[in-house]
Amino acid sequence: RRAVLLGATAAGAASFAPSALGRMPLSRDTLPKSAPVRRLTLSAAEMEVPLLGPDKPKTSGFCAYNGTPFLTWRVPVGTRLLVDFENRLPNPTTVHWHGIRVPYLSDGVAPLTQQPIPAGGRFSYDVPLPDPGFYFFHPHCDETGQVGRGLFALLLVDDPAEARLGFDLEHIIAVKDWRLDADGRWLPIFTDEGASTAGTFGTVRATNGSVIPPRVEAPAYGDVRLRVIVADSTRTIEFGCETGDAAIIAVDGQALTPLPLSKLPDEVWRMGPAMRLDVHVRMPGPGEEVKIFDYRTAEPYLLTTLVAVDKGKKQTPFKPIALPAAKAPLPDVRRAKKLDFIVQTSAGATAIAPPLPPEDPLAKALIDSFCVGDKTFWAINRTSWGAGADLRLPPPLDILKDGDSYRLTITNVTKHVHPMHLHGHVFRVLSSTRKTSIPPYLADTVMTEPNETVEIAFKANSGDWVFHCHILEHMDAGLMGWFRVA
Ligand code: C2O
Ligand code: CU
């Protein structure tokens, strides 16, 4: 249906119809047919919540899954989720399983892999979970507006072997600001000024939805596993903590050789929107605290305080706990084909075609669904994702071969940071022109700083996959492209 719509509207224009490339094979199933299946229902709806704090006016129009802000699902690795989704929002939406190697037709990207799910509509997602780790899911249709008003959920995929690693406590830190006036009403979440610069920031900072930084008790001398996520649409943080006894043990859910925070420049890890970290923190003695900060702001922002309580544990030397090695497919870096991408402003980018007339059925469907921004400020290799009335897909950034390995250089020639995310794959971060001391690691989103070139490599998996900045206004303002892997 998509192919027909796009094909029909492409007549006479230079825009791109996926049907021109023929039928797509389904992506390779990442789980055996015998994998245990779990059927879950999911809905998205608006609700009223006290975002400004207990004695302040409540905020209506908050968006949540299953009526639960910060909904968290925990599932054993190797499970296949069959998710029956119902859209109870007044607007169209989709669900994207961020970082998970799903079949591309369950990737949730409107209009590339599915049409927007209208208000009251349903969609079934097939979500195999081949890799343990810390993931999340969120809409891929009006992301700026819906994620901005709270719509995302956390997904922890557990490896049973991790139960024996000896952590005393696990705790999630979700960074998410709210853009509200003093009466708890939403302020505009997409602004042209923000979308064309660093993004529109919230007015209220919060951790796990609370404007008061949480205090969490943990056993003195115990081992805490922090799961940290920047769920904000805009904010980049510099994660750090007050103790030297801390090490990063996974990035974007993928285990790495423990990386002590003390070995990093300024002892912080930069995290843009969508990025996750697992951090092992060793607690100090009874009564002492470990404060966790975002050091990026001039005045460090307290995210959470861990409070050590006596549980009879004895002090032992700190040794970071290594997670079982990540199992995602690795690229053959030496044989990989090199591709270069420039992240730039849209000034000078070539328009792919004259805009669609607004009465065109595809234009109408997408405009009504808020699935596109209405301005274009950014581009990848001089091509912007459609915005406003120009709603057709741009041509793919490249056509890749299923099973082959690719090395991508991503060069940011803008004045702002861009956390770049590739769907459907876990990639290796090989190098950066700004960081010299970091060993290669796996991720699904990588930060690119102004004038930085980052190199990543991955083994291509069949499907149609977008590649975009996870500052959601940037993505809605053109900073997105797609690969076909066939
Ligand atoms: Cu978090 Cu395109 O996704
Ligand atoms: Cu960006």
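Out of everything in segment 108-143 that is among the β-branched types (Val, Ile, Thr) and part of a strand (DSSP E or B), what residue ends up being nearest to residue 329 (Cα to Cα)?
127
Considering segment 412-447 alone, what residues qualify as being within 16 Å of ligand 1 (Cβ to nearest atom), outside any loop (DSSP other than H, G, I, E, B) and of a type outside the set (Gly, Ala, Ser)?
Within segment 412-447, 418, 419, 420, 421, 422, 427, 445, 446, 447 meet the criteria.
In the set 407, 434, which member is among the charged types (D, E, K, R), without any contact (Cβ under 8 Å) to a residue 60 or more places away in the chain and out of contact with any His (no Cβ under 8 Å at 6 or more places or on another chain)?
434
Considering only strands (runs of 3 or more DSSP E) fully contained in segment 165-240, which possess at least 1 residues that are among the small types (Gly, Ala, Ser), over 24 Å from the mean Cα position of the chain (by Cα) and surrounded by 19 or more Cβ atoms within 10 Å (Cβ to Cβ)?
215-219
Quickly run through segment 297-345 and pick out the residues that are surrounded by 14 or more Cβ atoms within 10 Å (Cβ to Cβ) and small (Gly, Ala, Ser).
Of everything in segment 297-345, those that are surrounded by 14 or more Cβ atoms within 10 Å (Cβ to Cβ) and small (Gly, Ala, Ser) turn out to be 308, 322, 326, 328, 336.
For the list (1) in contact with an Asp or Glu (Cβ under 7 Å, 6 or more places away or on another chain); (2) on the phi < 0 side of the Ramachandran plot, I need the number of the one condition that residue 61 fails.
It is condition (2) that residue 61 fails.
For segment 394-407, enumerate the residues that are closer than 24 Å to residue 130 by Cα and either within 16 Å of ligand 1 (Cβ to nearest atom) or not in a strand (DSSP E or B) (or both).
The answer is 401, 402, 403, 404.
Within segment 263-293, track down each residue that is in contact with a Phe, Trp or Tyr (Cβ under 7 Å, 6 or more places away or on another chain) and within 16 Å of ligand 2 (Cβ to nearest atom).
271
Cβ-Cβ below 6 Å, separation at least six or inter-chain, first residue in segment 264-277 and in a strand (DSSP E or B), second among the aromatic types (Phe, Trp, Tyr): which pairs?
From segment 264-277, the pairs are 269/239; 271/239; 276/134.
Taking residue 290, is it of a type in the set (A, V, I, L, M), in contact with a Cys (Cβ under 9 Å, 6 or more places away or on another chain) and more than 16 Å from ligand 1 (Cβ to nearest atom)?
yes
Does segment 142-162 contain any residue that is among the polar types (S, T, N, Q), surrounded by fewer than 19 Cβ atoms within 10 Å (Cβ to Cβ) and out of contact with any strand residue (DSSP E or B) (no Cβ under 6 Å at 6 or more places or on another chain)?
No: segment 142-162 contains no residue that is among the polar types (S, T, N, Q), surrounded by fewer than 19 Cβ atoms within 10 Å (Cβ to Cβ) and out of contact with any strand residue (DSSP E or B) (no Cβ under 6 Å at 6 or more places or on another chain).
Looking at this structure, is residue 127 away from ligand 2 (no atom under 16 Å from the Cβ), under 15 Å from residue 466 (Cβ atoms) and among the hydrophobic types (A, V, I, L, M, F, W, C)?
For residue 127, the condition - away from ligand 2 (no atom under 16 Å from the Cβ), under 15 Å from residue 466 (Cβ atoms) and among the hydrophobic types (A, V, I, L, M, F, W, C) - is not met.
Given segment 40-107, what strands (runs of 3 or more DSSP E) lie entirely inside it while holding 1 or more residues that are without any contact (Cβ under 8 Å) to a residue 40 or more places away in the chain and out of contact with any Phe, Trp or Tyr (no Cβ under 7 Å at 6 or more places or on another chain)?
Once the strands (runs of 3 or more DSSP E) in segment 40-107 are filtered for at least 1 residues that are without any contact (Cβ under 8 Å) to a residue 40 or more places away in the chain and out of contact with any Phe, Trp or Tyr (no Cβ under 7 Å at 6 or more places or on another chain), what remains is 59-65.
If residue 119 meets every condition in (1) buried (at least 17 other Cβ atoms within 10 Å of the Cβ); (2) touching a Pro at 6+ places or on another chain (Cβ under 8 Å); (3) outside the structural domain of residue 236 (by TED's automatic domain parsing) apart from one, which number is that one?
Result: residue 119 fails condition (1) only.
Out of 446, 454, which single residue is crowded, with 20+ Cβ neighbours inside 10 Å, without any contact (Cβ under 8 Å) to a residue 40 or more places away in the chain and either within 16 Å of ligand 2 (Cβ to nearest atom) or outside the structural domain of residue 249 (by TED's automatic domain parsing) (or both)?
From the options 446, 454, the qualifying one is 446.
Can you tell me which residues in segment 448-478 are modelled with pLDDT under 95 and away from ligand 1 (no atom under 16 Å from the Cβ)?
Result: 462, single match.
Output the number of the condition that residue 34 fails; it satisfies all remaining conditions of (1) within 23 Å of residue 158 (Cβ to Cβ); (2) part of a loop (DSSP other than H, G, I, E, B); (3) touching a residue at least 12 places away in the same chain (Cβ under 8 Å).
Unmet condition: (3).
The values are calculated or read from the model by the stated rules, or taken from the named source; none is laboratory data. Bear in mind that the values here come from a model prediction, so they are computed numbers and not experimental data. Every residue, glycine among them, receives a Cβ derived from its backbone with ideal geometry; neighbour counts consider all protein chains shown.
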